[in-house]
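Let me begin by presenting the structure, written as structure tokens, before commenting on it.
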Amino acid sequence: MNIHEYQAKELFEKFGVPSPRGQVAETAEQAREIAGGIAGKIVVKAQVHAGGRGKGTFKNGFQGGVHLADSADEIGEIAGKMIGQTLVTHQTGEAGKPVGKVMVAEAVDIEKEYYLAILMDREGRCPMIVASTEGGVNIEEVAEKTPEKILREPVHPLAGLQPYEVRKIAARLGFAGDTAKQFGKLLRALYKLFLACDCSMVEINPLVTTPDGAVLALDAKFGFDDNALYRHPDIEAMRDVSEEDPREVAASEFDLNYIGLDGNIACLVNGAGLAMATMDIIKHCGGEPANFLDVGGGATEEQVTNAFKIILGDPNVKGILVNIFGGIMDCDVIAHGIVAACKQVDLNIPLVVRLEGNNVEAGKKTLAGSDVALIAADDLADAAKKAVAAIAA
Amino acid sequence: MSILVQPDTRVLIQGITGGFGGRHAKLSLEYGTQVVAGVTPGKGGQTFEDKVPVFDTVDQAVAETGATVSAIFVPPAFAGDAILEAVDAGVELVVAITEGIPVADMMRVRATMEGSRTRLIGPNCPGVVTPGTGPDSSGGCRIGIAPGYIHKKGSVGVVSRSGTLTYEAVWQTTQLGLGQSTCVGIGGDPINGTSHLDVLKLFNEDPETESIIMIGEIGGSAEEEAAEWAKDNCDKPIAGFIAGATAPPGRRMGHAGAIVSGGKGTAQAKMEALTAAGAQVADNPTGAGTMMAELIAKL
């Protein structure tokens with residue numbers, strides 16, 4: 001789950017991670033008011049989940065999702081051109097993202113930019129602090145070209161962050177005196193936030209020092225552990241479904257695990273591993289998968305029907321591959337779901353079905369006895385070959 | 001022999017009175033597994049299916065029944081505690097089936113278990129099966145949620161992160177007549193108990209296991225570590241399969257651990273590591289079974 005910049009800022013404020021003063025606005029008037037309370041240069045930023053906002057273009061022709069201005073009136077005017085409009089950046093695709101809110105904040109003078117992140121390290125099975133003096137740039141590039149400029153500090157999962165670790169990182173980043181103290185305070189607050197919110201990652205890029213000696217988190221990116229969201233209703237409430245793929249939103253309502261892709265062969269599979277393997281073999285046979293879809297180990301007829309509706313709602317889909325290895329799951333349940341779905345939707349594209357496992361004979365009988373036109377396949381490779389051939393025909 | 005569990009292994013099930021746990025406890029009993037106890041706090045004194053006593057604590061269950069393995073079917077919010085309760089009771093093996101345990105909980109569980117005598121498999125895994133010699137492989141030890149009938153007693157050791165992918169390979173080796181010594185699902189979470197490498201070492205030591213199928217997926221570097229070890233230390237043929245070559249980076253593919261991030265954990269790198277270790281890498285999971293048959297035919 002992703003959150004907006006202004007929501008990240010709210011979390012920072014709650015946990016005492018210093019960031020530039022600012023607030024979110026939903027109207028141009030609000031933006032003007034907030035700007036009126038800020039002295040000096042002011043920045044206004046469109047709130048969308050995609051990167052590349054500064055170089056983006058609104059569909060109304062207005063250029064740039066990030067602007068600097070000197071007066072509150074100017075900020076209000078710019079905000080009026082952003083709110084309610086659609087912003088297209090290199091990350092949003094042609095459709096763009098609707099902008100419902102803007103963030104208005106003081107534009108701070110930057111002395112130097114740093115990088116600071118905490119992430120859950122699966123190999124070390126502990127939180128890992130990652131920091132660098134090279135901030136404000138793509139950190140993966142820094143890691144590749146100058147790995148010595150990235151420092152990593154694993155934190156003991158039971159002992160937690162120790163004062164010496166904070167001092168060590170501060171010193172290695174070149175902080176001294178009051179700046180080191182301020183950095184230490186920020187890092188401890190960030191670590192507390194990381195654990196308290198069950199983050200999988202929190203990344204500040206850039207972390208900046210200002211000419212008057214402050215250490216501030218300028219921009220942040222959060223990742224949360226989906227498994228832990230049940231104990232964070234406040235964070236779950238930050239979810240903005242208008243930012244998500246509508247197909248994925250629809251699928252989550254039926255407890256289906258769906259990820260939209262760009263290809264034209266839709267897949268419906270039970271099990272995450274098998275769903276990935278099905279995508280892989282479609283590609284291997286020269287096709288392109290339209291999605292990842294795991295209906296789970298205990299799917300019902302209703303779920304299968306809804307899964308069909310979702311994959312058929314994708315206009316790119318030219319064919320469907322159903323791949324089921326019914327271990328405990330009854331193949332006949334899947335067969336009934338397919339038949340029910342085909343009755344409800346007007347299926348006019350090729351459907352390849354591979355059923356194997358528990359009660360497979362009954363499932364095949366159900367399919368054969370229905371008036372659903374389908375192509376039966378013997379195994380995974382056979383199914384993929386037939387699906388690719390069917391859409392080429 | 002076989003690894004981890006035998007037909008006479010005494011098993012207890014935490015969460016036996018829940019819908020999911022109860023259903024699979026019943027299937028395990030039908031398979032012939034020695035399910036000797038159940039544990040559900042507050043339900044001690046009940047009897048499951050008229051034969052399995054239910055206890056309030058794992059401590060009591062172990063003392064009364066001598067169970068040495070615990071299967072965890074407890075809901076995610078309580079599963080971390082359930083694992084540590086089993087560790088505290090001194091069982092040899094904990095198999096955590098539960099899907100959806102917060103990563104931070106597993107981090108603390110792993111750190112707390114450090115130095116204990118207990119091995120953890122999972123969480124978010126299909127479990128462990130050592131097939132028996134009866135019809136549809138019954139008479140063996142089935143812990144978890146795998147369908148029993150797809151197995152057959154034999155010589156291939158199977159280790160995998162994913163459930164249905166394991167079943168594909170198991171079914172294929174059964175169809176080909178090879179059968180399996182033991183099948184281990186290590187689970188799809190980023191922090192788990194037993195790794196591919198741990199299981200590979202056990203299979204290498206097991207006289208009954210003649211060959212190994214290793215199934216991995218994107219995310220982490222566990223497959224690479226296993227391959228690195230196997231290169232110089234494993235004297236049994238390995239067939240492998242890695243799922244997720246076409247997965248988009250940064251997206252979690254169902255399993256919490258199946259994610260390519262920062263260019264790490266790609267299917268390509270894992271396949272290369274396996275190939276470098278002398279393993280045969282298949283392009284689909286059933287292919288791994290066929291490859292195994294071919295490898296064995298050449299021995």
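Throughout, read-outs are computed from the coordinates displayed, never taken from laboratory work. These figures come from a predicted structure and were not determined experimentally. A quick note on method: Cβ atoms are made from the backbone with ideal geometry, for glycine too, and the neighbour counts reach across all protein chains shown.
Okay, here's what the table says:
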read-out	value
Label-point separation in nm, A:A214 to A:S242, each point 7 Å along Cα→Cβ	3.0
Shape call, segment B:152-298: gyration tensor on alpha carbons, a/c limit 1.5	prolate
Backbone N under 12 Å from the A:H90 label point (7 Å along Cα→Cβ), restricted to segment A:116-150	A:138
Ranking of B:C141, A:C126 by count of other Cβ atoms within 10 Å, fewest first	A:C126, B:C141
Distant-in-sequence amide H partners of A:A290 (H built 1.01 Å from N, under 5 Å)	A:G263, A:N264, A:I265, A:A266, A:C267
Whole-Hz couplings from phi, Karplus 6.51/-1.76/1.60, listed for segment B:113-122; x for Gly and Pro	6, 3, x, 7, 8, 8, 9, 10, 10, x
Folded to 0 to 90 degrees: helix A:301-312 orientation relative to chain A principal axis, Cα	70
Whichever lysines have a C-alpha closer than 26 Å to that of A:K181, once near sequence neighbours (fewer than 8 apart) are set aside	A:K9, A:K14, A:K112, A:K149, A:K168, A:K192, A:K221
Segment B:14-29 - phi-based ³J(HN,Hα) in whole Hz, Karplus 6.51/-1.76/1.60, Gly and Pro as x	8, x, 5, 8, x, x, 5, x, x, 4, 7, 5, 5, 4, 5, 4
Reach of B:K201 by Cα under 19 Å, taken over lysines that are not fewer than 8 positions away in the same chain	B:K231, B:K236, B:K270
Computed E for B:Y149/A:N348 - FRET, C-beta separation, R0 56 angstrom, nearest 0.05	0.90
Hits among aspartates and glutamates - C-alpha to C-alpha of B:K153 under 14 Å, sequence gap 8 or more where chains match	B:D136, B:E208, B:E210
Shielding score for B:141-153, defined as the mean number of other chain Cβ atoms within 10 Å	2
Inter-probe distance in nm under a simple model that places probes 7 Å from Cα toward Cβ, at A:D234 and B:N233	4.6
Overall dimensions of the protein assembly as shown as given by Cα atoms, namely Rg and Dmax in Å	27.1, 83
Shielding score for B:250-261, defined as the mean number of other chain Cβ atoms within 10 Å	5
Kirkwood estimate for segment A:187-264, i.e. one over the average of 1/r between Cα atoms, Å	15.3
Length released on extending from A:R167 to A:D255, taking residue separation times 0.36 nm less the Cα-Cα span	27.1 nm
Nonlocal amide H pairs with B:R119, under 5 Å, H built at 1.01 Å	B:L93, B:V94
Overall Cα dimensions of chain B, principal axis frame, Å, largest first	54, 44, 31
Residues A:E288, A:E26 arranged by fewest to most Cβ contacts within 10 Å	A:E26, A:E288
Nearest-0.05 FRET efficiency for A:H156 and B:E205, computed from C-beta distance (R0 30 Å)	0.40
Fewest-first sequence of B:W171, B:W229 by Cβ atoms within 10 Å of each Cβ	B:W229, B:W171
Under 18 Å from the A:K149 label point (7 Å along Cα→beta-carbon), backbone N, segment A:124-138	A:130-138
Note, ³J(HN,Hα) from phi for segment B:276-288, Karplus 6.51, -1.76, 1.60, rounded to Hz, x at Gly and Pro	5, 7, x, 7, 8, 10, 8, 8, 8, x, 6, x, 5
Nearest-0.05 FRET efficiency for A:A362 and A:D382, computed from C-beta distance (R0 22 Å)	0.55
Theoretical ellipticity at 222 nm over the protein assembly as shown - DSSP helices of four or more residues, -39500 (n - 2.57) apiece, nearest 500	-11000 deg cm²/dmol
Degrees separating the helix A:272-284 axis from the principal Cα axis of chain A, which is the longest one	80
Label-to-label distance, nm, for residues given as B:S116 and B:D50 (7 Å Cα→Cβ offset)	3.6
